[in-house]
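Asks: One structure, as structure tokens, below. Some questions next.
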Amino acid sequence: MKKNLGPIVFAIFMFIYLTGCENNGVSNNSPVSTSVPTTLESTVIPVAASYYPPVILPNEVNKYSAWGYGNWYYGPGIPFQKRLDLMPSTYSNIGVTNSSYLLHFFTMSDIHLVDVQSPAQVLYDGLKNDGAIFSYSATMLYSAQVFDAAIRTVNSLNEKKSFNFGLFLGDAINNSQYNELRMYMDVLDGKTVNPNSDPLLTASTDYMVPFQAAGLNKSIPWYQTIGNHDHFWQGSFVPNDYLNNCLTGRTVLNIGEILKGADLNSRGRYMGVIDGSTEYGIVKYAGLTEEFSEPPLVNANPERRYINKTGFINEFFNTSSNPVGHGFANNTIPGCYTFEPKTGLPVKIIVLDITQEENCATGEGSIGSLNTERYTWLVNELENGQSENKLMIIAAHVPIGIAASLFDNASTPSQTDLIAKLHTYSNLILWLSGHVHRNMITPLLSPDPTQPELGFWEVETASLLYFPQMFRLFDIVRNSDNTISIFTTNVNPYAPTGSLAAKSRSYAIASMQLFTRIYVQPSYVPTGAYNAELVKQLSPQMQNIIKNY
């Protein structure tokens, strides 16, 4: 019998949210400089908080500045670190040059676009210093504006060097709500975005006022990967009837200690709601049920309804940007598809849904999983790519082979068996993921030292909602010795002084400083950024093919 993984799942869930993060937004219609820097030129460095342990609470946003939380400055850039981990010990890179560029693309992950006024969040669990940063963070106020800032930054970078495509690695939305997904689409399509989901509120605060999104440059095709937050409430649960009624109705969610293993039928605490009419997004209606003489009510909105995986996928056909369906038009198995990003170039992208099925055990939606159908599909696509002599990149929301396993023990195959199978394909070069909200690079070495080409790189992309608020650029090049190099560069969304992006960045840093329970510093402190050149050995056959490009 399968064990109840509730407490373990939530420990993993906390790890996911606390191991590195950031976010930014922009003033409405503010242009982005054509000289926007990457972290090769400059980095964002947090200033140590004036008081530790914290003397204010995370939701006392109006006190952040006065108490020294959320300060930062621009520091020097970080050069590429050359990584030869996958290469033979006898390999010498001396004298090797980059001969030709093959592919240029970007990744973004874990945007977590939030309906801050939703009455079905878990805000109460994040209002104290020993709470959970993913339950409440002041950066939630600006998730749509930050996403717009990142897209504007991509557009600026595209003017210098055109992207072949963009890849979004999952957790587009935070609470699996329809209106969150529509805001996400509207940002990418360049429409007017309305963050205000209260139908009776006249918006006046900067984070609630509708704004004109820039939209991703129409010349850049973009593709979507599914994350756990995209079809599980709070990234972990399929809603029951009570929760569905809270999402679209007037009643503020009343639930037990769900982050400590309580189920959806538990009661005892009102989770609260953000008051969008207040400058600092004050949380109201949060507390123990006995503190309220009657249930707190908000204005209902049917557009807050829960969407499952099928609903999530279908909505990607209702956009004005390219391509139709953003990859999902090419799938035979929901959430899984392939595409070839550049005509004539032997490179294949495999987008894999590695999230749980919606009939999984309650609360287990946050951990990765495969089933026989999706695994069989993956192996078939890898076999085809190998036989067709194409380099292959897998994009999946959840990382593999990291220190704290994020896979369901009941997954078919197990994580160990999955990695062993991947190590049989010499043309696999990258596994791209998000989920853990950090920038991390992990070499998955060949099990056979005499065949180093069987190793591949895993590259994680941080969240836009939490520090260090970054996305990634990738450049794949052929080298003069017919190896390849994968250059990966972190980018902070453009945040001019006084912009909403700069305000959000400050809030992201303050949140990092204020949440003390199980808080783990982001990888690559203090900036959270890491730029690298990842060298990969090719098989003799692929060397002969790629030397023509």
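Asks: Can you find even one residue in the range 279-289 that is part of a loop (DSSP other than H, G, I, E, B) and under 28 Å from Gly170 (Cβ atoms)?
Replies: The answer is yes; a qualifying residue exists.
Asks: Going through the range 196-217 one residue at a time, which ones are in a loop (DSSP other than H, G, I, E, B), over 20 Å from the mean Cα position of the chain (by Cα) and of a type outside the set (A, V, I, L, M)?
Replies: Once the filter is applied, which keeps residues that are in a loop (DSSP other than H, G, I, E, B), over 20 Å from the mean Cα position of the chain (by Cα) and of a type outside the set (A, V, I, L, M), the range 196-217 yields Asn196, Ser197, Asp198, Pro199, Thr202, Ser204, Thr205, Asp206, Tyr207, Pro210, Asn217.
Asks: Would you mention how many residues in the range 110-136 are touching a Phe, Trp or Tyr at 6+ places or on another chain (Cβ under 7 Å) and under 30 Å from Leu444 (Cα atoms)?
Replies: Of the residues in that region, 2 qualify.
Asks: Hey, any hits in the range 280-298 for a residue that's out of contact with any helix residue (DSSP H, G or I) (no Cβ under 6 Å at 6 or more places or on another chain), closer than 22 Å to Tyr178 by Cα, at pLDDT 95 or above and not hydroxyl-bearing (Ser, Thr, Tyr)?
Replies: yes
Asks: Looking at the range 182-195 only, could you name the residues that are farther than 15 Å from Asp115 by Cα and assigned to a helix (DSSP H, G or I)?
Replies: Leu188, Asp189
Asks: Within the range 89-99, which residues are exposed (fewer than 14 other Cβ atoms within 10 Å of the Cβ) and either of a type in the set (A, V, I, L, M, F, W, C) or at pLDDT 95 or above (or both)?
Replies: Correct list: Ile94 only.
Asks: Okay, moving on. Could you count how many residues in the range 446-459 are in contact (Cβ under 8 Å) with a residue 40 or more places away in the chain, in contact with a helix residue (DSSP H, G or I) (Cβ under 9 Å, 6 or more places away or on another chain) and not in a helix (DSSP H, G or I)?
Replies: Going through the range 446-459 one residue at a time, the tally reaches 2.
Asks: Which pairs have Cβ atoms under 8 Å, sit 6 or more apart or on different chains, and link a residue in the range 71-86 that is closer than 17 Å to Thr489 by Cα and open to solvent by 60 Å² or more (accessible area, probe 1.4 Å) to one that is aliphatic (A, V, I, L, M) and in a loop (DSSP other than H, G, I, E, B)?
Replies: Note: pairs meeting the criteria are Pro79/Leu40; Phe80/Leu40.
Asks: Now a separate question. For the range 511-531, state whether one or more residues are farther than 30 Å from Lys128 by Cα, open to solvent by 10 Å² or more (accessible area, probe 1.4 Å), in a strand (DSSP E or B) and at pLDDT 95 or above.
Replies: No, the range 511-531 has no match at all.
Asks: May I pose another question? If you go through the range 131-139 one residue at a time, do you hit one that is assigned to a helix (DSSP H, G or I), in contact with a strand residue (DSSP E or B) (Cβ under 9 Å, 6 or more places away or on another chain), on the phi < 0 side of the Ramachandran plot and modelled with pLDDT of 95 or more?
Replies: Within the range 131-139, one or more residues are assigned to a helix (DSSP H, G or I), in contact with a strand residue (DSSP E or B) (Cβ under 9 Å, 6 or more places away or on another chain), on the phi < 0 side of the Ramachandran plot and modelled with pLDDT of 95 or more.
Asks: Give Asn384, Asn409, Asn380 a once-over and let me know the one that is more than 21 Å from Ser109 (Cβ to Cβ) and under 24 Å from the mean Cα position of the chain (by Cα).
Replies: Asn409 is the lone residue from the list that is more than 21 Å from Ser109 (Cβ to Cβ) and under 24 Å from the mean Cα position of the chain (by Cα).
Asks: So which residues in the range 317-336 are in contact with a strand residue (DSSP E or B) (Cβ under 6 Å, 6 or more places away or on another chain) and in contact (Cβ under 8 Å) with a residue 60 or more places away in the chain, if there are any at all?
Replies: Of everything in the range 317-336, those that are in contact with a strand residue (DSSP E or B) (Cβ under 6 Å, 6 or more places away or on another chain) and in contact (Cβ under 8 Å) with a residue 60 or more places away in the chain turn out to be His326, Gly327.
The values are calculated or read from the model by the stated rules, or taken from the named source; none is laboratory data. This structure is a prediction, so every number in the text was calculated from the model and none was measured. Note: ideal-geometry Cβ built from the backbone for every residue, glycine included; neighbour counts use all protein chains shown. Just the protein is used for accessible areas: all its heavy atoms, side chains included, with ligands, DNA and RNA removed. Shrake-Rupley method; radii C 1.70, N 1.55, O 1.52, S 1.80 Å.
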